[in-house]
């Protein structure tokens, strides 16, 4: 979390990172320790907002951070004074500047975060089964995440000299579906992502953990093995489905041209499933607006 900046980092925009990890790895505890480390470095100006899936989960974060703060002697100079904010969902550290925003605040993603200001936003497990089960629920979550851009403190300049970079945003979570918002943030909003799998994958499975952005198909993505259909998959694939079946696509590269294969797959019935190829041709030509047009 605290080391290194991704390629293409722009201090005018700030960091936008995602750490995807399995349950039980200690994401929340690490996030609490990371928050205190940030306050240790800049106790006066650091304003951290921690967002969780629910207000109940968010309120559990602050006592956890306080527990570290009150028991770790190295941080005793940060412990709040009696006349400072120190409640169940927020607190100020001793050297905090006078501000409407506390040094550390926790809130639910559906709670009152509008109007908040933060130099660092940590989204801790905001995607759960309940808010990621349907496409509509995921879209609602994505709209809530978009509010982060209004909460981030912009870069601070004095006489064209950078005094402080723009606020950073860090997501910690476990993807709940193949269409997880964590994957969408990488593809659509240029977030950087680091994955901690439950088991280290085999060499031929490493590409499964890569998320390709929508803006381009890189040469490295084209160097994968042939699929069962005989073409070279780029690793860019997806699907949308219902109880009736699935529409799946796979983008691949051959002879200097990018292609897309779109299939309609029905769920097995009496032990059998059907696969119909709706389109298999150049990527730029495919502009189907419906299944009927595609077929």
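Quick look at the values:
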item	result
Cβ-derived FRET efficiency at R0 22 Å, residue 189 paired with residue 23, nearest 0.05	0.35
Quotient of C-alpha Rg and 2.2 N^0.38 Å, computed over the stretch 85-209	1.27
Distance (nanometres) between label positions extended 7 Å along Cα→Cβ at residue 155 and residue 88	4.1
Burial ordering of 81, 66, 105, fewest other beta-carbon atoms within 10 Å first	81, 66, 105
Fewest-first sequence of 82, 139 by Cβ atoms within 10 Å of each Cβ	82, 139
Residues of the stretch 20-49 with amide N under 15 Å of a point placed 7 Å along Cα→Cβ from residue 71	29-30, 32-33
Cα-projected label distance for residue 257 with residue 99, points at 7 Å along beta-carbon direction, nm	5.5
Nitroxide proxy distance, nm - points 7 Å out along Cα→Cβ at residue 135 and residue 199	3.3
Sequence of 72, 61 once ranked by neighbouring C-beta atoms within 10 Å, starting from the fewest	72, 61
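Throughout, read-outs are computed from the coordinates displayed, never taken from laboratory work. Keep in mind that this is a model prediction, so the values were computed, not measured. Every residue, glycine among them, receives a Cβ derived from its backbone with ideal geometry; neighbour counts consider all protein chains shown.
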